[in-house]
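Data block below; observations after.
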Amino acid sequence: MVIVAVEGLSAAGKTTWCRRHAVDFVAEYVPTGTEPDGTDLPAQAAYWVTINSQRWEDARLLEQHTGLAVCDCDPLKLHYSWCLSRIGAAPRERFEHELAQVRHAFTAGTLGLADLVLVSIPPLETLQRQRNADPTRRRRHFDLHSQLGEHLRTWYTGVDALDPGRVIWKLPPEGLPADVPKPRDQRSDITLLDALTASLPST
């Protein structure tokens, strides 16, 4: 009974890996064109935490049904606004509003930390090659997302430090490792969330 998140940069091979190694999985969010534009940061935060909480619930239901839930992109997704703030592509306040909403979701048990995260951060040349090899995906924000690798690594280094061994820095070509960690004792432990965010650079 485990929840596995498959995370990484755009064109890193997340969806391909999920399709190859999971009979069923929680798909990544598909933009609708109606997402908040950032003019109202509290509303934007509430929107994304609602979306991510639904993906977390989908993961829990899949786990209950099959014993394993693989998620194409981490349902928590809080790292995204933090990474954007680190490269100056979004204000720090966006992350702070989302963090406040995520803390409420953790308290309610509607969001949590995955038991295992597979993280892929290939070099830019590999990302470009893999993007060009897949004409079915538009990847409109590829140039932006390709800048997030350093900060994504920092985020998941913090996640791994909470309970070492729950982050694997690749998408294993043979599929999930045989020694998948046991479920976290408390996936929605707000003290873990606070420890993670406290460990991150703030400036």
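The values are calculated or read from the model by the stated rules, or taken from the named source; none is laboratory data. Remember, it's a predicted structure, so these values are computed and weren't measured experimentally. Note that each Cβ is placed from the backbone with ideal geometry, even for glycine, and that neighbours are counted across all protein chains shown. Accessible surface is based on the protein model in full, side chains and every heavy atom, while ligands, DNA and RNA are left aside. Shrake-Rupley method; radii C 1.70, N 1.55, O 1.52, S 1.80 Å.
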If packing is taken as the average count of other Cβ atoms within 10 Å, what order do 93-103, 156-166 fall into, highest mean first? 93-103, 156-166
Honestly the chain on the Cα gyration tensor test (a ≥ b ≥ c root eigenvalues; a/c under 1.5 rounded, otherwise a/b vs b/c for prolate or oblate) is just rounded
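What is the gain in length, in nm to one decimal, between Ala108 and Leu124 on full extension, counting 0.36 nm per residue of separation less the C-alpha to C-alpha distance?
Result: 1.9 nm gained on full extension.
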With a cut-off of 8 Å between alpha carbons and a minimum separation of six or more residues, what is the relative contact order of the range 1-160 in percent? 37
Of the accessible area of the chain, computed with a 1.4 Å probe and all protein chains kept, carbon and sulfur make up a percent value of 51
Could you work out the relative contact order of the range 41-105, using alpha carbon pairs under 8 angstrom and six or more residues apart, expressed as a whole percent? 43
Amide hydrogen neighbours beyond the local backbone of Val117, cut-off 5 Å, H modeled: Ala5, Val167, Ile168
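Protein chains only, probe 1.4 Å: how do His151, His145 rank by accessible area, largest first? It would help to have the intermediate numbers written out before the result.
Details: His151 25, His145 45 Å².
From most accessible down to least: His145, His151.
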Taking the Cα centre as origin and putting +1 on Lys and Arg beta-carbons and -1 on Asp and Glu beta-carbons, what dipole magnitude results for the chain, to the nearest 20 debye? 480
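How much length, in nm to one decimal, is gained on full extension between Thr66 and Thr157, taken as 0.36 nm per residue of separation minus their Cα-Cα distance?
29.8 nm
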Show me the helices of the chain, taken as full DSSP H stretches, that run 30 Å or more along their long axis by Cα and average 0.5 or above in Kyte-Doolittle hydropathy. none
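Ignoring ligands, DNA and RNA, what accessible area per residue does the chain give at 1.4 Å, in Å²?
Values: 10330 Å² over 203 residues.
Value returned for the chain: 51 Å² of accessible area per residue.
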Suppose R0 equals 25 Å; then what is the FRET efficiency for Thr136 and Thr32 from their Cβ-Cβ distance, rounded to the nearest 0.05? 0.85
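By how many nm would the segment from Asp189 to Thr50 grow when fully extended, if each residue of separation counts as 0.36 nm and the alpha-carbon distance is taken off?
Separation in residues times 0.36 nm, less the Cα-Cα distance, equals 48.2 nm.
Which FRET efficiency value, to the nearest 0.05, do you get for Lys170 and Ala43 by plugging their Cβ-Cβ distance into 1/(1 + (r/R0)^6) with R0 = 41 Å?
Details: r = 37 Å, r/R0 = 0.90.
After rounding to 0.05, the efficiency reads 0.65.
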